[in-house]
Amino acid sequence: MEIFKNNKKDRDYTIIIGCGRLGTGLADSLSDRGGNVLVIDNDKDAFRKLPPSYGGLTLIGDATDIDVLHEAQIKNANAVVCVTNNDNTNIMIAQIAKELFKIEHVIARLYDPERECVYREFGIATICPAVLSANEIRKLLGNAKKEDEVE
Ligand code: AMP
């Protein structure tokens, strides 16, 4: 499997775990910007969501399996983004990427806001849709109130 478009010196290789609603868009936009991208999913049908223009790679497999991560050449990645639909899976892979493979940027999506701060302490950047959504809603409500005050 040939992964790199660029030479080793300016290597930019991101592995995305989970080709769902978030993983698909992310893989496509990073690849569009010229990055080397590989997206892993254990369901081969998940890759149908990628647009025909997607220029990155795909790999079918359970990303909690270390052999699958080796096949993805994780040791060459500078970023791993864990966006499966399961918090435990995302955390497990994020910890493997951080501790075992010393990946520089590791990001995990967590549905449970209470776990978010715990894993941040382990050096894993976390994205929590519930927290982000609440912040955005507060902003929108704030703007709506300001507009009401002007009228
Ligand atoms: P979504 O719920 O739309 O964000 O999609 C999550 C994606 O993660 C689905 O396509 C699942 O098949 C995928 N997924 C779940 N567990 C794993 C796993 N262990 N390895 C690889 N992909 C996974």
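With out of contact with any Phe, Trp or Tyr (no Cβ under 7 Å at 6 or more places or on another chain), in contact (Cβ under 8 Å) with a residue 40 or more places away in the chain, near the ligand (Cβ under 7 Å from one of its atoms) and closer than 26 Å to C128 by Cβ as the only criterion, which of T64, T84 stands out?
Values: T64 fails: in contact (Cβ under 8 Å) with a residue 40 or more places away in the chain.
Checking each option against the conditions leaves just T84.
Can you find a residue in segment 73-81 that is surrounded by fewer than 14 Cβ atoms within 10 Å (Cβ to Cβ) and either modelled with pLDDT of 95 or more or more than 11 Å from the ligand (Cβ to nearest atom) (or both)?
Narrowing segment 73-81 to residues surrounded by fewer than 14 Cβ atoms within 10 Å (Cβ to Cβ): 75.
Adding the requirement that they be either modelled with pLDDT of 95 or more or more than 11 Å from the ligand (Cβ to nearest atom) (or both) leaves 75.
Looking for residues that are surrounded by fewer than 14 Cβ atoms within 10 Å (Cβ to Cβ) and either modelled with pLDDT of 95 or more or more than 11 Å from the ligand (Cβ to nearest atom) (or both), one finds at least one in segment 73-81, hence yes.
Find the residue count for segment 25-38, including only residues that are within 16 Å of the ligand (Cβ to nearest atom) and closer than 8 Å to G56 by Cα. So that I can check it myself, show each step before the final result.
Of the residues in segment 25-38, the ones within 16 Å of the ligand (Cβ to nearest atom) are 25-29, 37-38.
Remaining after also requiring closer than 8 Å to G56 by Cα: 27-28, 37-38.
Result for segment 25-38: 4.
Filter segment 91-141 for residues that are of a type in the set (F, W, Y) and farther than 20 Å from A72 by Cα and give the result. First the steps, then the outcome.
Applying the first criterion (of a type in the set (F, W, Y)) to segment 91-141 yields 101, 111, 119, 122.
Result: Y111, Y119, F122.
Answer with yes or no whether D28 is touching a Pro at 6+ places or on another chain (Cβ under 8 Å), surrounded by 15 or more Cβ atoms within 10 Å (Cβ to Cβ) and not basic (K, R). Explain how you work it out, then say what you get.
Values: touching a Pro at 6+ places or on another chain (Cβ under 8 Å): yes; surrounded by 15 or more Cβ atoms within 10 Å (Cβ to Cβ): yes; not basic (K, R): yes.
Taking the combined requirement at face value, the residue satisfies it.
For segment 52-78, enumerate the residues that are part of a loop (DSSP other than H, G, I, E, B) and among the aliphatic types (A, V, I, L, M).
Within segment 52-78, the subset part of a loop (DSSP other than H, G, I, E, B) is 52-56, 61-65, 72-73, 77-78.
Matches in segment 52-78: A63, A72, A77.
Across segment 39-61, what is the total count of residues that are within 10 Å of the ligand (Cβ to nearest atom) and closer than 20 Å to F101 by Cβ?
The qualifying residues number 6.
The values are calculated or read from the model by the stated rules, or taken from the named source; none is laboratory data. All values derive from a computational prediction rather than experimental measurement. In this analysis, Cβ positions are derived from the backbone assuming ideal geometry, glycine residues included, and neighbour counts consider all displayed protein chains.
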